[in-house]
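Below you'll find the structure, written out as structure tokens, and then a few comments.
The values are calculated or read from the model by the stated rules, or taken from the named source; none is laboratory data. Predicted, not measured: the structure shown is a model, and the values here were computed from it. Every residue, glycine as well, gets a Cβ built from its backbone with ideal geometry; the counts of neighbours run over all protein chains shown.
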Amino acid sequence: MKRNEELNKLAQIQEWDFIIIGGGASGLGSALDATSRGFKTLLLESHDFAKATSSRSTKLVHGGVRYLAQGDVGLVKEALKERGLLAHNAAHIVKNQSFIIPNYTWWGGIYYKIGLSIYDFLAGKLSLGKTQYISKSKTIEKLPTIEQKNLASGVVYQDGQFDDARLAINLSQTIIEKGGSAINYLKVVNLLKNDSNKVIGVIAEDQFSKKQYQIRAKVVINATGVFTNDILNMNNPKHGKFVVPSQGIHLVLDKSFLKSDEAIMIPKTSDGRVLFVVPWHDRALVGTTDTLLDNPSFEPHALESEIKFVLETARQYLSKKPTREDVKSVFAGLRPLAAPKDEGKNTKEVSRSHKVITSDTGLVSIIGGKWTTYRKMAEDTIDKAIQVHNMKSVPSNTERLSIHGNVKPEEVDRSNHLYVYGSDIPEIQSLQKSNPKYSEKIHPEHPYTVAEVIWAIRHEMAETVEDVLARRVRLLFLDARAAIDCAHKIASIIAEERQLPQEWADEQEKEFIELAKGYLLTPYSPNTNLN
């Protein structure tokens, strides 16, 4: 997967069948669905793949327990099916994760056991395991850092967990391998229309060279998530508001706050929401919130009230009480909620189901949804586009389409941090052996090596320091200070690989450090112990 090779395709193809705008979950899914049906498909992303919402999730592939409580059985059933399919199609990234609900009332265990047994039943043959009621002592044994005061029992259920940004990169690779094209940092700045006011393509600008391309297509799909309204505005300034952004934040703590391979699910916080404490890449991920915002941003920041809420709630349920100083990284993401008719509706009550809408100009937009159901969202989107544009009817074949990197579940060794690369592991290990420098760690406290950085640059379209440290090795999300410490080294490696001047590396380092400071809750001090 090389960006210059993908850019060259723009001159070779006069008209695409589909142009997909947006390189997040819905865009990547739609592009893969269209490509696998045999359509000439081009995906355009204005930043890096999964730069926004799709790298900032709670890392869960789930049916949505709280949607079941809200009575949205259809959404839960669909999501549980998709969870099972994704676990089969990307076994190297998706894992079966045990969750424990700690109960502090005598009736809690019975209530959640019954509710989650329905959850299991809805999953059918794709169930990940049966829900179990466990005693107080067993709960403490499984969760040694749980708050024990007034603890009555626990309920264990199974759900899915994954690495969101890595799945996005693998989807990009799969699209290209199947004959489609996916290009990051190529921003759609306008839509092309014919004399009948029908959309016939886009004008896109390379964010590095500033070169503009006029690219034609039979169908243009708007899959830009929280930025859907921006593309709709290009199409028709009077379109109205179809998407509202809701912010969710996550705090990343040292694993000592969890000391377990089990995750904690707190089903009802003080404001009626759900909070998770999830083991992720040897850290404890705590979140999330649900805060309605007016305007979307590619780099949203956690509000002080959200930080306070997550810390206070975590302290209620953990025996080791986290403070601001314990937070390794804080990140915020925006959910693209389908705008409710009632503008005052609370976001925790807005369904995560998706909608496909079509404009008079022929523009097709996919709104709402979540990572778990990305494949079904994509299928529905392409089905609708085929129908509206009277294209050749070809059924979707992504239900059992293996995603780049996929291996048999029994072949996944999660004790090796390289497991997320799946079938690419041997090549990365070979790269590590090819040069002594490549086997060096990029930071002494983390397992990531220079070989992974080289791999990201050569084979995963990583163009900037942020691409590498945020979405290829995830260090920015796991330990923002360590990521800042690595910035100089990563910038130098990219500059050497791409034959770019020192000035470029200096500017990249400076830009990344400024961005990464937004992931810290306490001031940054340089690590003088690094080489």
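Here are the numbers:
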| item | result |
| --- | --- |
| In segment 314-364, the residues that are closer than 27 Å to Asn197 by Cβ and at pLDDT 95 or above | Thr361, Gly362, Leu363, Val364 |
| Among (1) in contact (Cβ under 8 Å) with a residue 60 or more places away in the chain; (2) part of a helix (DSSP H, G or I), the one test that Thr139 misses | (1) |
| Residues located in segment 203-218, provided they are of a type in the set (A, V, I, L, M) and either part of a loop (DSSP other than H, G, I, E, B) or in contact with a Gly (Cβ under 7 Å, 6 or more places away or on another chain) (or both) | Ile215, Ala217 |
| Matching residues, segment 405-434, being in the same structural domain as Val473 (by TED's automatic domain parsing), among the small types (Gly, Ala, Ser) and under 17 Å from Thr174 (Cα atoms) | Gly422, Ser423 |
| For Asn236: the one exception among (1) in the same structural domain as Ser365 (by TED's automatic domain parsing); (2) under 19 Å from the mean Cα position of the chain (by Cα); (3) not aliphatic (A, V, I, L, M) | (2) |
| Which numbered condition Gly225 misses (of (1) surrounded by 16 or more Cβ atoms within 10 Å (Cβ to Cβ); (2) farther than 27 Å from Thr373 by Cβ) | (2) |
| Qualifying helices (runs of 4 or more DSSP H) (wholly inside segment 435-531; at least 1 residues being over 20 Å from the mean Cα position of the chain (by Cα) and assigned by TED's automatic domain parsing to the domain that holds Tyr419) | 450-459, 480-498, 502-516 |
| Filtered residue count, segment 161-202, keeping only those that are out of contact with any Asp or Glu (no Cβ under 9 Å at 6 or more places or on another chain), outside any helix (DSSP H, G or I), under 27 Å from Gly38 (Cβ atoms) and among the hydrophobic types (A, V, I, L, M, F, W, C) | 4 |
| Boolean, Arg414 is in contact (Cβ under 8 Å) with a residue 24 or more places away in the chain, more than 22 Å from Lys59 (Cβ to Cβ) and not hydrophobic (A, V, I, L, M, F, W, C) | no |
| Qualifying residue in segment 75-89 (condition: in a loop (DSSP other than H, G, I, E, B) and more than 30 Å from Ser209 (Cα to Cα)) | no |
| Residue check, Ser30 assigned to a loop (DSSP other than H, G, I, E, B) and not charged (D, E, K, R) | no |
| Flag for Arg458 being modelled with pLDDT under 95 and either β-branched (Val, Ile, Thr) or surrounded by fewer than 20 Cβ atoms within 10 Å (Cβ to Cβ) (or both) | no |
| Number of the condition not met by Ile13 [criteria: (1) surrounded by fewer than 24 Cβ atoms within 10 Å (Cβ to Cβ); (2) in contact with a helix residue (DSSP H, G or I) (Cβ under 7 Å, 6 or more places away or on another chain)] | (2) |
| Condition met for Ile403 (of a type in the set (A, V, I, L, M), crowded, with 19+ Cβ neighbours inside 10 Å and either in contact with a Leu (Cβ under 6 Å, 6 or more places away or on another chain) or assigned to a loop (DSSP other than H, G, I, E, B) (or both)) | yes |
| Considering residues of segment 67-79 that are in contact (Cβ under 8 Å) with a residue 60 or more places away in the chain and buried (at least 17 other Cβ atoms within 10 Å of the Cβ) only, the residue nearest to the chain's Cα centre (by Cα) | Ala79 |
| Within segment 251-288, tally of residues that are among the small types (Gly, Ala, Ser), modelled with pLDDT under 95 and in a loop (DSSP other than H, G, I, E, B) | 2 |
| Subset of segment 53-64 (residues that are among the small types (Gly, Ala, Ser) and touching a strand residue (DSSP E or B) at 6+ places or on another chain (Cβ under 7 Å)) | Ser57 |
| Residues that are part of a strand (DSSP E or B) and either of a type in the set (Ser, Thr, Tyr) or not assigned by TED's automatic domain parsing to the domain that holds Ala263 (or both), drawn from segment 113-136 | Tyr133, Ser135 |
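Conditions tested, residue by residue: (1) charged (D, E, K, R); (2) in the same structural domain as Ser172 (by TED's automatic domain parsing); (3) in contact with a helix residue (DSSP H, G or I) (Cβ under 7 Å, 6 or more places away or on another chain); (4) modelled with pLDDT of 95 or more.
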| site | (1), (2), (3), (4) |
| --- | --- |
| Phe18 | no, yes, yes, yes |
| Ala25 | no, yes, yes, yes |
| Leu28 | no, yes, yes, yes |
| Leu32 | no, yes, yes, yes |
| His47 | no, yes, no, yes |
| Lys77 | yes, no, yes, no |
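This table checks each residue for (1) within 30 Å of Arg66 (Cβ to Cβ); (2) buried (at least 19 other Cβ atoms within 10 Å of the Cβ); (3) touching a helix residue (DSSP H, G or I) at 6+ places or on another chain (Cβ under 9 Å).
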{"site": "Tyr157", "(1), (2), (3)": "yes, yes, yes"}
{"site": "Ser172", "(1), (2), (3)": "no, yes, yes"}
{"site": "Lys187", "(1), (2), (3)": "no, no, no"}
{"site": "Lys210", "(1), (2), (3)": "no, no, no"}
{"site": "Gln214", "(1), (2), (3)": "no, no, no"}
{"site": "Leu232", "(1), (2), (3)": "yes, yes, no"}
{"site": "Ile249", "(1), (2), (3)": "yes, yes, yes"}
{"site": "Asp254", "(1), (2), (3)": "yes, no, yes"}
